[in-house]
Amino acid sequence: MTGWKLSEESIVCYGSDEAALGFAHLVTLALNKRSGMSLPKAIEHIYLVNSRGLVVTGRKSGGLTEHKLQFARPSGTPELTSLEEIIKCAKCTALIGAAAVPRTFTPSI
């Protein structure tokens, strides 16, 4: 609908439980099958965010399970906690809400 290709999207997933992980998995599979992109390269299009912020390998605040780690940004990535900062850093083109947290998507987002 936008005229953009999935391979051009930068997707922020707000939430990191089953729904968000399922979505992230499906997007990476679609990128792999439709664009011929490797799975590690496809994962680079996903920015997973949970209650402690951006999911980053070795994150100091913890809260990472094996399932979340497969979509973690590499160690050394800024451990951002503000959704607005994460959206800017990711140059987000798509925002997926998969968390039951009211009033998260503010007008500025």
Item to check | Given (1) surrounded by 12 or more Cβ atoms within 10 Å (Cβ to Cβ); (2) modelled with pLDDT under 95; (3) in a loop (DSSP other than H, G, I, E, B), index of the condition THR81 fails | outcome: (2)
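Taking the condition surrounded by fewer than 18 Cβ atoms within 10 Å (Cβ to Cβ) and free of Cβ contacts under 8 Å to residues at least 60 places away in the same chain, does SER10 pass?
Values: surrounded by fewer than 18 Cβ atoms within 10 Å (Cβ to Cβ): yes; free of Cβ contacts under 8 Å to residues at least 60 places away in the same chain: no.
Spelling it out, it is not the case that SER10 is surrounded by fewer than 18 Cβ atoms within 10 Å (Cβ to Cβ) and free of Cβ contacts under 8 Å to residues at least 60 places away in the same chain.
Being among the charged types (D, E, K, R) and at pLDDT below 95: is that true of ARG34 here? Even if it seems obvious, please write down each step before you answer.
Values: among the charged types (D, E, K, R): yes; at pLDDT below 95: yes.
So ARG34 fits the description; yes.
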Item to check | Residue, surrounded by the fewest Cβ atoms within 10 Å (Cβ to Cβ), within the stretch 15-47, restricted to residues that are closer than 16 Å to LYS68 by Cα, touching a helix residue (DSSP H, G or I) at 6+ places or on another chain (Cβ under 6 Å) and not β-branched (Val, Ile, Thr) | outcome: LEU39
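Just for the stretch 53-74: of the residues that are part of a loop (DSSP other than H, G, I, E, B) and over 17 Å from ALA90 (Cβ atoms), which one is modelled with the lowest pLDDT? Break it down into steps so the answer makes sense when it comes.
Residues of the stretch 53-74 part of a loop (DSSP other than H, G, I, E, B): 55, 57-65, 70-72, 74.
From what is left, the residues that are over 17 Å from ALA90 (Cβ atoms) are 58, 60-65, 70.
Values: GLY58: 94, LYS60: 92, SER61: 93, GLY62: 89, GLY63: 86, LEU64: 91, THR65: 90, GLN70: 94.
Among them, the one singled out is GLY63.
The values are calculated or read from the model by the stated rules, or taken from the named source; none is laboratory data. As the structure is a prediction and not an experimental result, all values here were calculated from the model. Please note: Cβ atoms are built from the backbone with ideal geometry, for glycine as well, and neighbour counts cover all protein chains shown.
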